[in-house]
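The values are calculated or read from the model by the stated rules, or taken from the named source; none is laboratory data. Computed from a prediction, not measured in an experiment: that's the story for all the values here. All Cβ positions, even for glycine, are placed from backbone atoms using ideal geometry, and neighbour counts span all protein chains on display. For accessibility, only protein heavy atoms count, side chains too; no ligands or nucleic acids. Shrake-Rupley method; radii C 1.70, N 1.55, O 1.52, S 1.80 Å.
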Amino acid sequence: MEKDAILRQTITSLSHDIRTPLTSMDGYLQLLELEQEPEQQEKYIEIIKGRTKILKEILEELFLYTKLQDQGYQLELQKENMTQIVFEGVTAFYEEFKQSKIEPDILFSEEALEVECNKSMMQRIVQNIVKNSIVHGVSLVRISFRKEEGQAVLRCENDIKEEDSINMELIFERFYKADVSRSKSSSGLGLAITKELVEKMNGTIEAEKQENMFEIVIKFDLW
């Protein structure tokens with residue numbers, strides 16, 4: 001019975017997350033067919049492209065999460081410069097930070113910290129936690145990456161609204177959304193995937209909340 005309930009919840013969550021951008025795309029396609037002004041047509045096309053990107057990201061996250069549930073799925077690990085991966089991952093969000101009007105406080109180690117990992121999956125980890133901070137942050141985001149006690153430590157911290165209710169016991173659970181109204185473009189799988197990837201690469205991940213600040217801390221042993 002419990003498995004059936006989980007399956008129903010999963011299907012319901014996915015149906016909502018996929019339906020939202022699809023419905024929007026359908027609406028703008030109808031408007032595009034009726035519109036005669038080139039400038040307005042271009043505007044609708046850009047919106048449709050944005051919704052298509054959202055839908056693609058949701059489906060990619062679902063596909064990756066499904067693969068991670070296979071106990072036989074293994075990542076190919078090798079020595080990588082995590083400092084470079086983190087730097088490139090954070091700077092890639094320049095436009096998103098600008099649009100959200102958040103000036104991130106960033107502190108990176110100048111030392112090349114090398115760890116055993118899968119480069120593309122490490123990039124996904126950085127992408128997920130930075131995106132989470134932008135989506136849920138109000139006016140402050142702090143990101144630091146440095147060496148601490150023989151480990152490479154990535155911290156991503158953001159402020160949250162006082163009324164935001166976050167269940168810390170569920171923060172890494174699939175489809176969990178602390179604020180559904182602000183997460184319509186999210187599958188709710190980002191942090192669940194992040195946790196799975198970190199652990200498959202022999203790292204650790206924790207989330208902490210103190211007053212109006214939320215922080216994710218990820219640690220990997222140095223090579």
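Give me the Å³ per residue figure for the convex hull around the C-alpha atoms of the chain.
152
Charges on Cβ only, +1 for Lys and Arg, -1 for Asp and Glu, centred on the Cα centroid of segment 90-151; of I102, S144, I125, which one is farthest towards the dipole's positive end?
Going by the charge dipole, the pick is I102.
Could you pull out the GluC sites (Glu not before Pro) across segment 116-156 that fall in loop regions by DSSP (anything but H, G, I, E, B) with no more than 14 other Cβ atoms inside 10 Å?
Passing both the DSSP loop test and the Cβ count: E149.
L113: net charge of surrounding residues, Cβ under 15 Å, Lys/Arg +1, Asp/Glu -1, itself excluded?
-3
Provide the net charge surrounding M82, with neighbours chosen by a C-beta distance below 12 Å and charges set as Lys +1, Arg +1, Asp -1, Glu -1.
-1
Beyond a 22 Å Cα-Cα separation, which of these cross-linked pairs lie in this structure: K98/K219; K56/K79; K67/K200?
Distance filter (> 22 Å) returns K98/K219; K56/K79.
To the nearest 10 square angstrom, how much accessible area does L107 have with a 1.4 angstrom probe?
Accessible area, nearest 10 Å²: 100 Å².
Based on Cβ point charges of +1 for Lys and Arg and -1 for Asp and Glu, what charge dipole magnitude is obtained for the chain about its Cα centre, in debye rounded to the nearest 20?
Using Cβ point charges on Lys, Arg, Asp and Glu, the chain gives about 420 debye.
Identify, among I54, G89, V115, the residue whose Cα sits farthest towards the positive end of the charge dipole of the chain, taking +1 on the Cβ of Lys and Arg and -1 on the Cβ of Asp and Glu, with the dipole about the Cα centre.
I54
When the helix-only estimate is applied to the chain (DSSP H runs of n ≥ 4, each -39,500 (n - 2.57), divided by the residue count), what is the mean residue ellipticity at 222 nm, nearest 500 deg cm²/dmol?
That calculation yields -17000 deg cm²/dmol at 222 nm.
For every other residue with a beta carbon closer than 15 angstrom to the beta carbon of L68, add +1 if it is Lys or Arg and -1 if Asp or Glu, then tell me the sum.
-2
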